[in-house]
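Only one structure is covered here, and it is reproduced in the block below.
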Amino acid sequence: MVATPFMGPLTDLVAFCEMATLLHSSHGKAKVRVAKAKRGPGRYTELFQEFVVQVSLEGGTESSFLRGDNSQVVATDTCKNIVYWVVKHHPCDSVEKLAMDIGCFFLAHYAFVKCSQVRVERLPWSRANLHGKSHSHGFVRQAEEYNFASVTCTRVAKQNEVPPYTNTFGCFDHSLYAILLTSGVDKWKLLKTTCSGWEGFYRDQFTTLPETNERILATECQISWTYSSRQYAELGKLDFPKVLSQVQDIVRQRFFGDSTNGVYSPGVQKTLFDIGAQILMSCPLLENVSLSMPNIHYLPANLEVFSKNGVRFENDVLPCKIVKKRKRANISHK
């Protein structure tokens, strides 16, 4: 809630609230953790997936904030239960489709909700391997990296009635809603041990950092991309896992270069922009790309106490210093 400023001797809270203006309000539920197991015959589990879902709803809450009237507020527990229900009836083949369908569900079933914002993260579980053999029902989670989708669903046409409750998922008219869909990957760590430098930067009396054309380049990426289409029917036909794979392949190619000689990076900024431009050129369905690539520094150890005793460090021992100096860019078509 944001109130207009008031300057004066008024101290009566009731009178002040009558003069205040509610600029924006929303309600929902954050961090809904839900898992889904697809079981096969016997003890075999075909697939195990875990999601973290966030729901934010706009519309209908003005009376709740201003007058304490909660008649058009979807309780947080209800939001959680709806997420469970949608996941139960959904194929969960992509976080994008899951996020879109959760968002559309809220608009379809609550006429007072004008806009729904949903973020779905998929946590990386993979099948366990024991003595070279895949386990029938065991899964492990090792990587921090995860992919996600964020969607904003807005009502663009009047809805005549709320659909009746049904166990048949997706029975409502998706053409009533505009979809703004963003996909991405976060906490994706990349590192190369050479072919990177930092030279020619501005120097003055405060500069102590030496230039180098030989260093380790490491980062933790957050990359997101927004689709140009706003239609559910068009977005629903896309192969989202294929787009994710294509984007990650481009990042690897531009970051590492070929497997023998690599590619030189004069700085994270240039590498970051080249990655974004290549993604947009290769994926015409995308409207823009946003990248964040903070540095993770590995600096060579060179301790005099060892060199005095005949022990030489030749850039083979590298204390890790995590300094998240943000390098960000948002790149779009002209």
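The values are calculated or read from the model by the stated rules, or taken from the named source; none is laboratory data. Predicted model, so just to flag it, every value in this text is computed and none were measured. Cβ coordinates were reconstructed from backbone atoms using ideal geometry, including for glycine residues, and neighbour counts include every protein chain displayed. Quick note on the areas: whole protein, heavy atoms, side chains included, nothing else; ligands and nucleic acids left out. Shrake-Rupley method; radii C 1.70, N 1.55, O 1.52, S 1.80 Å.
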Length added when fully stretched, LYS270-PHE65, from 0.36 nm per residue minus Cα-Cα: 69.1 nm
Sequence-distant aspartates and glutamates (8 or more away, or on other chains) whose Cα lies within less than 17 Å of LYS114: GLU58, GLU62, ASP101, GLU161, ASP173
Check: the range 73-147 dipole with +1 on Lys, Arg Cβ and -1 on Asp, Glu Cβ, in debye: 160 debye
Cut-off 14 Å between beta-carbons: net charge of the residues surrounding VAL243, Lys and Arg +1, Asp and Glu -1: -3
Subset of LYS38/LYS133; LYS97/LYS270; LYS187/LYS242; LYS36/LYS97; LYS29/LYS189; LYS31/LYS189 violating a 22 Å alpha-carbon distance limit: LYS97/LYS270; LYS29/LYS189; LYS31/LYS189
Local electrostatic count, HIS27, Cβ distance below 14 Å [Lys/Arg +1, Asp/Glu -1]: -1
Accessible area of the range 111-260 belonging to carbon and sulfur atoms, whole % at 1.4 Å probe: 51 percent
Surface accessible to a 1.4 Å probe, per residue, for the residues of the range 165-243, Å²: 55 Å²
Net lengthening on full extension, CYS283/THR212 (0.36 nm per residue, minus Cα-Cα): 22.1 nm
Distance (nanometres) between label positions extended 7 Å along Cα→Cβ at ASN129 and ASP204: 5.4 nm
Inter-site label distance for GLN248 and GLU234 at 7 Å from Cα along Cβ, in nm: 2.7 nm
